[in-house]
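Report on the following structure.
The values are calculated or read from the model by the stated rules, or taken from the named source; none is laboratory data. Note that the coordinates shown come from a computational prediction; the quantities given were computed from them, not determined experimentally. When we count neighbours, we look across all protein chains shown, and the Cβ atoms used for this are built from the backbone with ideal geometry, even at glycine. Calculation scope for accessible area: heavy atoms of the full protein, side chains included, ligands and nucleic acids excluded. Shrake-Rupley method; radii C 1.70, N 1.55, O 1.52, S 1.80 Å.
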Amino acid sequence: MRPAISIKDLTYTYPDGTCALNGISAEILEGESVALLGPNGAGKSTLMLHLNGILGGGEGSVEIFGDRIGSVDLKEIRKRVGIVFQDPDDQLFMPTLFDDVAFGPRNLGIPENEVKERVGRALRKVGLEGFEDRLPHHLSFGQKKRAAFATILSMDPDIIVLDEPTSNLDPKSRSELIRVIAKLREEGKTLITATHDVNAVPEIADRVIVLNRIIIGEGTVREVLLDSNLLEAANLTTPDVVQLFELLGCFGYDCKNLPLSMDEAVTHLTRTIETANGKHVHLHIHEHTHQEIGEVREKYNHRHAHS
């Protein structure tokens, strides 16, 4: 696979003197889905705004499919890289949802019949088919998030960049949006998702880059999410499913290959039950169980339960 994004020694300091990025170098391949993990203030949004030229003027370089941003027409770069902002109201400003989703293709001079096809296709992908005549400001926040996503999908960019897509969503809306991202990943779209939602990462990403103004770690989803020291350095926590199965391990459950997501957890439990004698999972309390539970809880900074 060819590189879709090449970042070399990218450094950016805001006018007030805040250093947001310090010597970032990374490569994202065409068809990869990469999660950019980091706490608030880590520089994730700053990095993303460099990927289609919204921000510039720092040191280093960003290339999109070999074209260096700053040396080619930004309009061409923005056709190839679409950014879904954290606040959907930044992307929804037209009288109807149809007009919002059609805005980008129309600006590209695409014929109206193709614009209608693109709008319909984009709204179907995000589960908002039939909402074409809705007023965007009457949508729920979760619907707005998906509508903002549709405004980028209608442009059919080669690369989609998402800034904290699951932030401030209720559980149902979060699950709906994760399904949209996961489907695009399955289709082979190049995706970069900035997030601190570690529980979503196993469903949406192939690889993880951990950022805190510098790149402090990277690897496969499993390598990063099971590295508690790396996550702690980025002020992040281990996924809830991993913590649960480590606690189950204190009761004798075999957790040699810890699941990272709910789907993996169901598969793991089902396999265990199917291979167990009597088709049951046997848990037990032994002499050291309470001590082991305490160690796991302390590892994840939980308060100890008092008897």
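Remarks
- Positive-pole candidate from P165, A102, G41, dipole of the chain, charges at beta carbon: A102
- Entries of K44/K79; K8/K44; K125/K189; K125/K145 with Cα pairs more than 20 Å apart: K44/K79
- Summed side-chain charge close to T96 - residues other than T96 whose Cβ falls under 12 Å, Lys, Arg +1, Asp, Glu -1: -3
- Tilt relative to the chain, helix 289-299 - C-alpha long axis, 0 to 90 degrees, to 10: 30 degrees
- Solvent exposure, largest accessible area first (probe 1.4 Å, DNA, RNA and ligands not counted), of S175, S71, S154: S71, S175, S154
- For the chain, convex hull volume per residue from C-alpha positions, Å³: 172 Å³
- Cβ-defined net charge surrounding L236, 11 Å radius [Lys, Arg +1; Asp, Glu -1]: -3
- Distances between every pair of Cα atoms in the stretch 68-119, grouped in 5 Å steps from 0 to the bin holding the largest one, split as 4, 17, 22, 23, 19, 10, 4, 0 percent.
- Distance distribution P(r), the stretch 159-268, all Cα-Cα pairs, bin width 5 angstrom from 0: 2, 11, 21, 23, 20, 14, 6, 2, 0, 0 percent.
- Charge tally in the Cβ shell below 12 Å around A194, where Lys, Arg are +1 and Asp, Glu are -1, A194 excluded: -2
- When only the Cβ of Lys, Arg, Asp and Glu is charged (+1, +1, -1, -1), the dipole of the chain relative to its Cα centre reaches about 420 debye.
- Cα-based shape type of the stretch 111-173, given that a ≥ b ≥ c are square roots of the gyration tensor eigenvalues and the cut on a/c is 1.5: oblate
- When the alpha carbon gyration tensor of the stretch 19-79 is reduced to an equivalent ellipsoid, its three semi-axes come out at 19, 15, 11 angstrom, largest first.
- Degrees between helix 240-250 axis and first principal axis of the chain (Cα, 0 to 90, nearest 10): 10 degrees
- Intensity falloff of the stretch 183-241 expressed as log10 I(q)/I(0), Debye formula with alpha-carbon point scatterers, at q = 0.22 Å⁻¹: -0.87
- Pairs of Cα atoms nearer than 8 Å and 6+ residues apart set the relative contact order; for the chain it is 19 percent.
- Taking the longest Cα principal axis of the chain as reference, the axis of helix 262-275 is set at about 40 degrees.
- Percent of beta bridges antiparallel (DSSP, the chain, rounded to nearest 5): 50 percent
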